[in-house]
Amino acid sequence: MAKKRTPRPKIAAPSRRRVTPLHGRASRAEKALDIHRCEQFVLHEARLLDEAKFDDWLALFTSDAWYWVPSEPDQANPHDTVSLIYDDRRLLETRIRRLASPRMYSQEPRSRTSRMVGNVTIEDAEGRAATIRSKFIMIEYRREQQRLFTGTAWHRLVQIDGAIRIAWKRVELVNCDAPLDGITQPF
Amino acid sequence: MSRDFSRFVRAGRVHRRIYTDPGIFDLEMMNIFGRAWVYIGHESQIKNPGDYFATQMGRRPVLMVRDEEGRIHVIHNQCAHRGAMVVATEKGNAPEFTCCYHGWTYHLDGRIKGVPLNHGYPKNFDAKNPKVAMNAVARVKSYRGFVFATETEDGPDLEESLGHMTTSFDDLIDRAPDGEIEVAGGVFKHGYDANWKVYFENLCDAAHPLFVHRSSIDASQAQSDDAHTDGSGEIAIRQMRQNGAPYSFWETQVGIWTYPNGHSYLGDYHDDSKLVAALKDPVFREYIAALEQKKGKEEAKRILEVRRWNSNVYPNVSLMSQFQQLRVVHPIAVNRTVVYTYNFKLKGAPEQMFRNTVAFANIVNGTGSLVLTDDLEIYNRIDMGLSSGGARWLQIGRGYQSDQPDAHGGRKGVNSTSEVYIRNMLEAWVGYMNGGNGLSGELAEAAS
């Protein structure tokens with residue numbers, strides 16, 4: 001088998017500009033996306049998901065955002081290959097609305113989740129926007145069974161009216177190409 | 001165990017044990033997956049000499065391989081020496097197969113090529129004995145690129161066994177302007193904790209979407225069409241809304257057809273003006289133009305008017321010709337099943353057509369789909385419920401005794417919510433389990 005390449009996925013958008021140093025030169029007054037703000041943001045996001053505040057989570061996304069969980073390692077794009085989840089903004093809204101439905105039988109009983117997020121790095125930044133990479137572990141408990149998901153998350157963060165928003169999010173599960181039971185919880 | 005399995009299937013009823021008994025499951029693996037024509041894969045998955053695709057026939061690991069002359073073989077993925085699985089990757093290309101244990105090598109058709117240290121074996125060991133091999137599955141046959149195999153030397157030929165269902169494969173191929181299709185776009189592998197048969201018994205169940213999929217129907221109906229879409233979400237939402245068609249739609253417009261050996265399809269469901277390929281959609285207009293140019297207007301019209309939803313080819317493959325999807329059912333244990341789903345690219349169709357197919361696959365077959373996840377939940381609950389002995393006999397009598405004969409030797413349900421396709425599958429089940437070939441007496445006879 002071929003040696004596994006260091007994942008440097010081909011994702012839309014990021015330019016080849018230098019990675020912003022941990023404590024970037026951009027002035028705080030300009031509200032640059034420094035590592036601290038990025039870390040706080042993904043921790044906040046994880047907390048919203050753990051607390052099942054899905055509407056608040058959806059509100060973190062821009063109006064033309066997309067959310068993607070590929071089905072293959074190093075998947076080039078969500079259009080030519082199937083994805084465990086690929087939601088444009090419209091479908092993401094529907095997904096979140098469904099999670100609130102009392103007739104979503106795959107959430108009867110509801111899942112409980114617990115996420116650990118870490119290893120946050122800024123991979124690419126242009127002033128007020130940044131692409132960040134993080135690692136996550138998510139435990140899902142439902143109906144006497146506990147499942148473990150882990151992998152790498154990529155966020156494209158932008159700022160709108162002073163607030164950080166997700167322009168896109170890509171979640172690479174380490175076992176994305178394994179046989180998997182149904183996935184109802186966003187990562 | 002009594003050899004007559006018809007005792008588990010009565011008029012409009014089936015015994016719960018056939019979904020829960022590990023002994024019955026083991027017999028199914030021998031008598032059904034070891035006897036029937038089992039779908040293996042599509043020829044486009046092994047385009048070049050040396051290409052292989054590793055899969056399972058029931059629980060037996062096999063390889064579909066293309067040899068140097070372009071011939072297709074299905075061989076057991078097992079070394080003749082100590083029985084180790086030889087190929088451990090799902091797909092790839094190899095000039096020969098080498099076992100990782102003691103280095104025995106095999107030709108692409110499974111014949112032995114070399115045995116290291118071969119002087120130490122007894123005199124009666126003959127590496128040229130054709131049975132010292134990665135043994136070939138008894139019979140392998142392709143229907144227009146769809147490769148099937150059976151472990152029986154005799155019995156019906158593939159086309160005889162498929163019968164009228166060949167037309168569903170034809171329909172998928174016909175839809176390609178260039179008359180060729182290929183597997184593309186990756187694979188979903190979704191699992192659930194219940195018997196393999198419950199999956200097949202849901203695929204043509206027209207009475208379930210309105211109830212099981214209520215959450216995604218409601219959520220999609222409430223969705224604003226003003227929200228941004230790149231096109232993929234729109235396709236998903238159209239499909240979810242379609243699931244909300246009222247019972248009257250299923251009872252008057254959609255049909256269920258069944259054929260010998262357990263096969264069936266749900267037909268006259270979507271028309272192309274409703275989904276994926278909306279008639280006003282420029283991509284679909286471009287597709288129709290390509291189809292008309294290659295096939296002529298009349299033939300293009302005929303092709304587009306075929307509206308089959310799931311075509312179930314017993315025991316392990318289901319295709320959606322209209323939407324270029326194919327599902328392969330892999331039984332793992334009596335209460336564990338994994339389903340692999342594939343997409344087909346229509347050659348000569350616009351590139352965007354395939355992207356629409358991928359978006360459709362995500363909502364219909366995706367592991368994280370807003371629709372499929374509720375189906376998987378139902379399968380799990382069937383297994384949990386069946387563990388109770390409360391009701392030993394399950395009801396499959398909807399539409400019983402109201403079937404109509406079909407011109408191609410099948411039976412059509414009185415309407416699409418008839419459970420005739422389940423009764424039809426169970427007739428095949430009894431036939432195979434009793435050592436035959438997928439045919440057994442009418443359920444009415446079994447009941448007497």
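For B:Leu326, indicate whether it is in contact with a strand residue (DSSP E or B) (Cβ under 8 Å, 6 or more places away or on another chain) and either of a type in the set (A, V, I, L, M) or outside the structural domain of B:Val414 (by TED's automatic domain parsing) (or both). Spelling it out, B:Leu326 is indeed in contact with a strand residue (DSSP E or B) (Cβ under 8 Å, 6 or more places away or on another chain) and either of a type in the set (A, V, I, L, M) or outside the structural domain of B:Val414 (by TED's automatic domain parsing) (or both). When restricted to residues that are farther than 19 Å from B:His73 by Cα and out of contact with any Asp or Glu (no Cβ under 7 Å at 6 or more places or on another chain), the stretch B:130-182 contains 23.
Output the residues belonging to the stretch B:60-79 that are in a strand (DSSP E or B) and farther than 17 Å from B:Phe33 by Cβ.
B:Val65, B:Arg66, B:Ile72, B:His73
Every residue in the stretch B:193-220 that is outside any helix (DSSP H, G or I), under 21 Å from B:Ser311 (Cα atoms) and not polar (S, T, N, Q), please.
Of the residues in the stretch B:193-220, the ones outside any helix (DSSP H, G or I) are B:193-195, B:204-208, B:213.
From what's left, under 21 Å from B:Ser311 (Cα atoms): B:195, B:204-208, B:213.
Those that are outside any helix (DSSP H, G or I), under 21 Å from B:Ser311 (Cα atoms) and not polar (S, T, N, Q): B:Cys204, B:Asp205, B:Ala206, B:Ala207, B:His208, B:His213.
Against the test of being basic (Lys, Arg), at pLDDT below 95 and at negative phi, the options B:Arg17, B:Arg10, B:Arg66 yield a single qualifying residue, B:Arg10. Within the stretch B:174-188, the residues that satisfy the criterion of being away from chain A (no Cβ under 14 Å) and buried (at least 19 other Cβ atoms within 10 Å of the Cβ) are B:Asp174, B:Arg175, B:Ala176, B:Pro177, B:Ile181. Taken together, the residues in the stretch B:189-230 that are in contact (Cβ under 8 Å) with a residue 60 or more places away in the chain, touching a strand residue (DSSP E or B) at 6+ places or on another chain (Cβ under 7 Å) and at the interface with chain A (Cβ under 9 Å from one of its Cβ atoms) amount to 5. Of all residues in the stretch A:52-75, those that are over 20 Å from B:Lys189 (Cβ atoms) and either buried (at least 20 other Cβ atoms within 10 Å of the Cβ) or more than 7 Å from every other protein chain (Cβ to nearest Cβ) (or both) total 14.
From the list B:Ala428, B:Ala391, B:Ala447, the one residue that fits, being at pLDDT 95 or above and small (Gly, Ala, Ser), is B:Ala428.
In the set B:Leu376, B:Leu394, which member is within 18 Å of B:Asn202 (Cβ to Cβ) and surrounded by fewer than 22 Cβ atoms within 10 Å (Cβ to Cβ)? After applying the criteria, what remains is B:Leu394.
List every residue pair whose Cβ atoms sit under 8 Å apart, with the two residues 6 or more apart in sequence or on different chains, where the first one lies in the stretch A:40-59 and is charged (D, E, K, R) and the second, anywhere, is part of a helix (DSSP H, G or I) and at pLDDT 95 or above. Partner pairs satisfying both residue conditions: A:Glu45/A:Trp57; A:Asp55/A:Ile96; A:Asp56/A:Leu48. Here A:Leu92 meets the list (1) assigned to a helix (DSSP H, G or I); (2) surrounded by fewer than 19 Cβ atoms within 10 Å (Cβ to Cβ); (3) in contact (Cβ under 8 Å) with a residue 24 or more places away in the chain almost entirely, failing just condition (2). One residue alone among B:Asn380, B:Asn335, B:Asn343, B:Asn362 is over 30 Å from A:Pro109 (Cα atoms) and either within 10 Å of chain A (Cβ to nearest Cβ) or out of contact with any Gly (no Cβ under 8 Å at 6 or more places or on another chain) (or both), and that residue is B:Asn343. Residues in the stretch B:232-254 that are in a loop (DSSP other than H, G, I, E, B) and crowded, with 16+ Cβ neighbours inside 10 Å were compared, and the one that is farthest from the other protein chains (Cβ to nearest Cβ) is B:Val254. Can you pull out every residue in the stretch B:339-379 that is of a type in the set (Asp, Glu) and either under 23 Å from B:Ser220 (Cα atoms) or touching a Phe, Trp or Tyr at 6+ places or on another chain (Cβ under 6 Å) (or both)? Selection gives B:Asp374, B:Asp375, B:Glu377. Only one entry in A:Ile85, A:Ile160, A:Ile96, A:Ile137 is at pLDDT 95 or above and away from chain B (no Cβ under 14 Å), namely A:Ile137.
The values are calculated or read from the model by the stated rules, or taken from the named source; none is laboratory data. This is a predicted model, so every value here is computed, not measured. FYI the Cβ positions are ideal-geometry reconstructions off the backbone, even for glycines, and counts take in every protein chain you see.
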